[in-house]
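Each remark here refers to the structure printed beneath this line.
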Amino acid sequence: MVSFGSHIEFAVPHITIRHLNKYYDVQGKQVHALKNINLDIPEGKIFGIIGKSGAGKSSLIRTLNGLETISDGSIHIHQHDLGQLNHNELIALRQRIGMIFQHFNLLSAKTVWENVALPLKIAKVPAAEIQTRVDEVLNLVGLAEKHHHYPSQLSGGQKQRVGIARALVSKPEILLCDEATSALDPESTSVVLSLLKEINQKLGLTIVSLHMKCR
């Protein structure tokens, strides 16, 4: 269970969370996964959230991009209340939020370039723009020379950099990282964390990063 009793004040909050609660029904019992969370997440900064496995970190991330409904409380992104958005508005909001997953979620039958291009193809972005944007983000994450490779030909750290490129190709304002380095070795973890810091500095993204608490 993730629980915060009081909020932290910042001058320009990008994400404002107030009295957020999330309940699940599990085998007839109610599980209180998120309990009274109050946070101000500053715009253009890296914001880390640390918790044990099963503490509700992923539930929190999924409420931020609208994949999970809020039981009660509120989340505002640039003053837009997620709980008040209609279906089309929620889709538009998700296009402004990039997501990096713990286990990469790459399509094995598609090349690096094709994996990164996929969100733009789904959004029906013109082919010339797709080419430009995919090339830009692959250069940014240092994988331009790997664009014809398949995921099976990449190391874990390289796969995660493909995941980062895919998250960035839609030009999001917010980047959510769900334990993005937990499946990596220490060297790859260091590379990915340095890359996220560089992305934050170059692009001014708000990055919310979840990390498992070490015992």
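The values are calculated or read from the model by the stated rules, or taken from the named source; none is laboratory data. As the structure is a prediction and not an experimental result, all values here were calculated from the model. Don't worry about glycine lacking a Cβ; one is built from the backbone with ideal geometry, like all the others, and counts go over all protein chains shown. Quick note on the areas: whole protein, heavy atoms, side chains included, nothing else; ligands and nucleic acids left out. Shrake-Rupley method; radii C 1.70, N 1.55, O 1.52, S 1.80 Å.
The table that follows gives values for the structure above.
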{"quantity": "FRET efficiency, 1/(1 + (r/R0)^6) with R0 22 Å, evaluated for T69 and H19 via beta carbons", "calculated": "0.90"}
{"quantity": "DSSP bridge orientation in the chain - percent antiparallel, rounded to nearest 5", "calculated": "50"}
{"quantity": "Inter-probe distance in nm under a simple model that places probes 7 Å from Cα toward Cβ, at H80 and K121", "calculated": "2.7"}
{"quantity": "Cα gyration tensor category, rounded, prolate or oblate, for region 171-215 with a/c compared to 1.5", "calculated": "oblate"}
{"quantity": "Charge tally in the Cβ shell below 14 Å around L120, where Lys, Arg are +1 and Asp, Glu are -1, L120 excluded", "calculated": "+2"}
{"quantity": "Label-reachable residues, region 85-111, where backbone N falls under 20 Å from a point 7 Å from A183's Cα toward its Cβ", "calculated": "98-111"}
{"quantity": "Whole-number D in µm² s⁻¹ for region 51-138, Kirkwood Cα-pair radius fed into Stokes-Einstein, 10 °C, 1.306 mPa s", "calculated": "103"}
{"quantity": "For the chain, accessible area per residue (1.4 Å probe, heavy atoms of protein chains only), Å²", "calculated": "53"}
{"quantity": "Projected label distance in nm at R62 and T132, using a 7 Å step from Cα toward the beta-carbon", "calculated": "3.8"}
{"quantity": "Long pairs among K57/K124; K52/K146; K29/K57, criterion Cα-Cα beyond 30 Å", "calculated": "K57/K124; K52/K146"}
{"quantity": "Three-way shape call for region 117-210 based on the alpha-carbon gyration tensor, with the a/c threshold at 1.5", "calculated": "oblate"}
{"quantity": "C-alpha long axis of helix 127-140 to longest principal axis of the chain, angle in °", "calculated": "80"}
{"quantity": "Tail fraction, Cα-Cα pairs, the chain, threshold 25 Å, whole percent", "calculated": "41"}
{"quantity": "Net lengthening on full extension, Q153/I91 (0.36 nm per residue, minus Cα-Cα)", "calculated": "19.0 nm"}
{"quantity": "Förster radius 30 Å - calculated FRET efficiency between E114 and H32, Cβ distance, rounded to 0.05", "calculated": "0.10"}
{"quantity": "Portion, in percent, of the accessible area of region 92-215 that falls on carbon or sulfur, probe 1.4 Å", "calculated": "53"}
